[in-house]
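The values are calculated or read from the model by the stated rules, or taken from the named source; none is laboratory data. Given the structure is predicted, the values throughout are model-derived calculations rather than measurements. Reconstructed Cβ throughout: ideal geometry from the backbone, glycine too, with neighbour counts over all protein chains shown. Side chains are part of the model used for accessible areas, which takes the heavy atoms of the whole protein and leaves out ligands, DNA and RNA. Shrake-Rupley method; radii C 1.70, N 1.55, O 1.52, S 1.80 Å.
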Amino acid sequence: MFLNAASGSIGYFRKRRVDVRTGVVLALATIPGALVGPWIGERIDERTFKLAFSIFLLAMALFLFLKPERSARAARSPARGPGRVHRRFTDLDGETFDYSYNLPLALAISLFVGILSSLLGIGGGLVHVPAMIHLMGFPVHVATATSHFVLAITAAVGVLEYARRGEIAWGLAGSLGLGVVVGAQLGAALSQRMRGRRIVRLLTVAIVILAGRLLWSLR
């Protein structure tokens with residue numbers, strides 16, 4: 001996951017779609033979760049967790065299917081007020097993104113994402129991207145790019161913790177990494193050509209597949 005996220009982040013950086021300032025803040029919030037995840041994994045009942053998380057994923061997939069993007073009004077008028085951070089920048093193609101988000105909520109969600117990422121060994125973007133779009137108010141393309149950047153930092157911390165425990169098969173990780181590095185670059189390039197709604201639809205499919213995989217493992 002670290003190699004995938006790091007490679008994808010490079011692609012998004014080239015397009016200037018990563019909100020670096022926000023990404024660093026959210027990544028710092030995921031780090032405690034990334035350290036806690038392995039500790040929780042040793043103490044939680046695996047079947048119960050997988051069942052509960054699968055139900056959560058399916059509910060989130062249904063929500064995204066019914067409402068893939070924020071309302072046009074919300075996208076045009078970023079909210080202001082205490083605890084909110086306003087962001088505005090322009091990408092390589094000249095598209096300007098203007099939005100704001102609730103900082104305390106963003107930090108809480110990022111902590112949760114950090115726990116899930118290291119606990120399950122999955123990309124936190126499956127949870128982070130929908131939350132960034134619908135709860136934090138990010139444009140879809142910025143949410144996708146910034147989430148990749150956050151995940152790269154979170155996964156790096158998770159790798160260090162699992163390496164300290166001696167639980168990484170380095171040969172296998174390196175072999176898989178060669179493929180995901182290339183795939184992440186292709187994904188970043190394809191994202192540039194796709195509309196936000198289609199990206200969310202593909203994300204919904206990925207969430208359903210993950211939920212199905214978790215439920216299948218309970219047999």
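A few remarks follow.
- Flag for Ile44 being closer than 25 Å to His86 by Cα, open to solvent by 20 Å² or more (accessible area, probe 1.4 Å), among the hydrophobic types (A, V, I, L, M, F, W, C) and out of contact with any Lys or Arg (no Cβ under 6 Å at 6 or more places or on another chain): no
- Residue that is most open to solvent (accessible area, probe 1.4 Å) [pool: residues in region 86-100 that are of a type outside the set (D, E, K, R) and assigned to a loop (DSSP other than H, G, I, E, B)]: Leu92
- Of the residues contained in region 200-207, one or more are found to be open to solvent by 70 Å² or more (accessible area, probe 1.4 Å), farther than 26 Å from Arg47 by Cα, in contact with a helix residue (DSSP H, G or I) (Cβ under 9 Å, 6 or more places away or on another chain) and assigned to a helix (DSSP H, G or I).
- The set of residues from region 59-83 being buried (at least 16 other Cβ atoms within 10 Å of the Cβ) and either at pLDDT 80 or above or within 20 Å of the chain's Cα centre (by Cα) (or both) comprises Met60, Ala61, Leu64, Pro68, Glu69, Arg70.
- In region 144-166, the qualifying residues are those that are without any contact (Cβ under 8 Å) to a residue 24 or more places away in the chain and closer than 24 Å to Glu42 by Cα, and the one that is least open to solvent (accessible area, probe 1.4 Å) is Ala163.
- Note on region 174-188: residues that are exposed (fewer than 15 other Cβ atoms within 10 Å of the Cβ) and small (Gly, Ala, Ser) total 4.
- Some residue of region 105-118 being at pLDDT 85 or above, out of contact with any helix residue (DSSP H, G or I) (no Cβ under 7 Å at 6 or more places or on another chain), within 19 Å of Leu202 (Cβ to Cβ) and part of a helix (DSSP H, G or I): no
- Test result for Ser9, within 14 Å of the chain's Cα centre (by Cα) and of a type in the set (Gly, Ala, Ser): yes
- When Glu167, Glu161 are checked against the criterion of being in a loop (DSSP other than H, G, I, E, B) and out of contact with any Ser or Thr (no Cβ under 6 Å at 6 or more places or on another chain), Glu167 stands alone in meeting it.
- Looking across region 3-41, the residues that are in a helix (DSSP H, G or I), at pLDDT 85 or above and open to solvent by 80 Å² or more (accessible area, probe 1.4 Å) come down to Ile10, Phe13, Arg14, Arg21, Leu28.
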